[in-house]
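Undergrad: Mind having a look at this structure? Questions to follow.
The values are calculated or read from the model by the stated rules, or taken from the named source; none is laboratory data. Here the structure is a predicted model, which means the values were calculated and not measured. Neighbour counts are summed over all protein chains in view; Cβ atoms, including those assigned to glycine, are modelled from backbone coordinates with ideal geometry.
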Amino acid sequence: MRKIKLYIAASLNGKIAEKDGSVDWLYVKDNDEEIDYGYEKFYESIDTTIQGSSTYKQVESWGIDFPYPDKKNYVITRNKNLKNNHNVEFISENHIDFIKTLKNKAGKDIWLIGGGQINTMLLNEGLIDELQLFCMPIILSDGIDIFEAIPARTDVKLIETKTHDTGAIEMKYQIVK
């Protein structure tokens, strides 16, 4: 069975984006955008992404080429009027059943990109297998929580930690089931 991995960065106080969805704070030091943080290795380990519609809209607003063109990409939404395009397939019904089926298909692991609502939905359904969190050296006054609404109590097991010269701390957890 494929694993769903939440690979995500957050502020010291657990925010994954500012209230308007911006993430420019991720680059808190000069040349941070040049630091890989193991992203390339992680990216090669997956062949599928899942993200919420707000996260997808935010990525679209950046005015860049779609960042995951070589992966199968799904956007979880409640909007039944969205049309699939060459980058993504919109899943507007039976979200949990779809994701359970997806996990059982052959392939590499699945990247849960976020945001906070879908993170909580999949956590509460026991569908997240690993959490790789990059705690960035910044505190945001307001923003989107890594888990919005009410996450279920979930035990995690620390697998690995790394510190980076930028002050970021990388923590890899296995979800205890």
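Undergrad: Thr120 fails exactly one of the following numbered conditions: (1) touching a Phe, Trp or Tyr at 6+ places or on another chain (Cβ under 8 Å); (2) under 20 Å from Tyr68 (Cβ atoms); (3) assigned to a helix (DSSP H, G or I). What is the number of that condition?
TA: Failing condition for Thr120: (2).
Okay, residues lined up against (1) more than 13 Å from the chain's Cα centre (by Cα); (2) polar (S, T, N, Q):
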| site | (1), (2) |
| --- | --- |
| Asp47 | yes, no |
| Asp70 | yes, no |
| His86 | yes, no |
| Asn119 | no, yes |
| Asp129 | no, no |
| Leu133 | no, no |
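Undergrad: Looking at Ile128, is it at pLDDT 95 or above, closer than 21 Å to Asp47 by Cβ and not in a helix (DSSP H, G or I)?
TA: yes
Undergrad: Pairs, please: C-beta under 6 Å, at least 6 apart or cross-chain, first residue of a type in the set (Val, Ile, Thr) and in the range 138-153, second part of a loop (DSSP other than H, G, I, E, B) and surrounded by 15 or more Cβ atoms within 10 Å (Cβ to Cβ)?
TA: Final answer for the pair search is Ile144/Gly115; Ile146/Gly14.
Undergrad: Among the numbered criteria (1) farther than 16 Å from Gly14 by Cβ; (2) touching a strand residue (DSSP E or B) at 6+ places or on another chain (Cβ under 9 Å); (3) among the β-branched types (Val, Ile, Thr), which single criterion is violated by Ile139?
TA: Ile139 satisfies all of (1) farther than 16 Å from Gly14 by Cβ; (2) touching a strand residue (DSSP E or B) at 6+ places or on another chain (Cβ under 9 Å); (3) among the β-branched types (Val, Ile, Thr) except (1).
Undergrad: Go through (1) surrounded by 12 or more Cβ atoms within 10 Å (Cβ to Cβ); (2) closer than 18 Å to Asn13 by Cα for Ala149 and report which single condition fails.
TA: In the conditions (1) surrounded by 12 or more Cβ atoms within 10 Å (Cβ to Cβ); (2) closer than 18 Å to Asn13 by Cα, Ala149 misses (1) alone.
Undergrad: Working only within the range 133-160, note down all residues that are touching a helix residue (DSSP H, G or I) at 6+ places or on another chain (Cβ under 8 Å) and either among the hydrophobic types (A, V, I, L, M, F, W, C) or within 16 Å of Gln51 (Cα to Cα) (or both).
TA: Met136, Ile138, Leu140, Ile144, Asp145, Ile146, Phe147, Glu148, Ala149, Ile150, Ala152 - these are the residues of the range 133-160 that are touching a helix residue (DSSP H, G or I) at 6+ places or on another chain (Cβ under 8 Å) and either among the hydrophobic types (A, V, I, L, M, F, W, C) or within 16 Å of Gln51 (Cα to Cα) (or both).
Undergrad: So, in the range 3-50, exactly how many residues are at pLDDT 95 or above, in a loop (DSSP other than H, G, I, E, B) and under 18 Å from Tyr173 (Cβ atoms)?
TA: 4
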